[in-house]
Structure formats: structure tokens, C-alpha cells
Amino acid sequence: MEKTNNEIKKEENTQNETRQPNIFDDLLIGTTENTMLQPTPVTIKDYKIEEITTTKNKSKKIVFLCEHPNKNDGLIQISSIQQLKNKTINTTATWLNLDKEGLLQKNSATANLLKHLQAKTIKETINKTINTTTDDNGYLTFKTY
């Protein structure tokens, strides 16, 4: 059964009435690019856990808050590492993967980062200095090779 013009207009009006204005409605594309920080050793000052939701599942990622020598106004966030695995350099996120005992999964990227920093726990990474490099998108990532 086809809808009449009045029914269609009534639906459109209902949809328009329920939509709330958003401060980003009229946001335009900028004209300048972000200045990317150059890879250099950074010092981990803290960390936080972020929950990432995808269409398939929810996961937790560790985001490290780091001091970068060329950034004077606060800490930067790094949540990925580049590692050498099977003679190939790959980049992966610092996922919070736990084993069946509730410990960091033994050969996960995050566990490898801790081993590289000679830390037994995530908290022990605080005040450790680590080299960085850039990923394929130009963002800083920890370098563990």
C-alpha cells in the first residue's frame, strides 16, 4: 500500500520535530593541517583505559599519556605500538587482552610493550622513556624493535 503525500509530509514533520540542533551542524572543513609531532623518545606519565565499541563487539584499549619534548601544552596520547613479529614490522593497538586467569595475555602487543620497558605491570610503565616512530597515517606510535 502506497503512502499518500499527506502521510509522507506528516512523517517528515515528525522526524524534523524530534531532531535536536547540534553545535556541529554548520561545521565547515578547515584549511590548515595539523602539525604532526616528530618521532622522538617520550616519557609515559600516566595511562587510561578506553572502551572501544564496534559493530561486532566492545574492547578495551590502554591509552598512554606521554610527555613529548616538542609539546609544551600538555600530554600526548599514544595507543599503539610497532613491533617486529615474524621478521615483519607491524602496528597494533595497545589492547587490554586478558587470559583466562585475568592477566595480560602473554604474547599480546601490550605485554610485549611492558617487556620492552622492563615493566611487570601497566603502572610500572609510568616515568619510563621509550622511542617513538610514525604509523602509516603519520601518528606517533611506540617503537619496540
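See the values below:
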quantity: Residues THR35 and THR134, FRET efficiency given R0 of 22 Å [Cβ-Cβ distance, rounded to 0.05]; calculated: 0.95
quantity: Selection of trypsin sites (Lys or Arg not before Pro), region 56-115, meeting DSSP coil and at most 11 other Cβ within 10 Å; calculated: LYS56, LYS87, LYS100, LYS106
quantity: Net +/- balance of residues flanking ASN34 in space, Cβ distance below 15 Å, scoring K and R +1, D and E -1; calculated: -2
quantity: Farthest toward positive dipole pole in region 42-143 [+1 Lys/Arg, -1 Asp/Glu at C-beta], among THR133, ALA119, LEU65; calculated: ALA119
quantity: Residue of LEU104, LEU113, LEU28 that the Gaussian network model of the chain assigns the largest fluctuation, springs spanning Cα pairs under 10 Å; calculated: LEU28
quantity: Full-stretch length increase - ASN107, ASN70 - with 0.36 nm per residue and alpha-carbon distance subtracted; calculated: 10.1 nm
quantity: Packing-based exposure ordering (other Cβ within 10 Å, fewest first) of TYR47, TYR145; calculated: TYR145, TYR47
quantity: Footprinting exposure proxy for SER59, SER80, SER108 (fewest neighbouring C-beta atoms within 10 Å first); calculated: SER59, SER108, SER80
quantity: Net charge dipole size for region 48-98 [Lys, Arg +1 and Asp, Glu -1 on Cβ; Debye, nearest 20]; calculated: 320
quantity: Among beta bridges that DSSP assigns inside region 42-143, antiparallel share in %, nearest 5; calculated: 95
quantity: Helix 5-18 axis, angle to the chain major axis (alpha carbon atoms, nearest 10°); calculated: 40
quantity: Listed values (1) 16.4; (2) 18.6; (3) 21.6, entry calculated as Kirkwood radius over Cα pairs in Å; calculated: (2)
quantity: When each of LYS48/LYS128; LYS71/LYS106; LYS56/LYS143; LYS120/LYS143; LYS71/LYS143 is checked by Cα-Cα distance, pairs over 27 Å; calculated: LYS71/LYS106; LYS56/LYS143
quantity: Difference of contour (0.36 nm per residue) and Cα-Cα distance, ASP99 to ASP46; calculated: 16.7 nm
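Bear in mind these aren't lab numbers, they're just calculated from the coordinates by the rules spelled out. Note that this is a predicted model, so its numbers are computed, not measured. Positions of Cβ are backbone-derived with ideal geometry, glycine not excepted, and every protein chain shown enters the neighbour counts.
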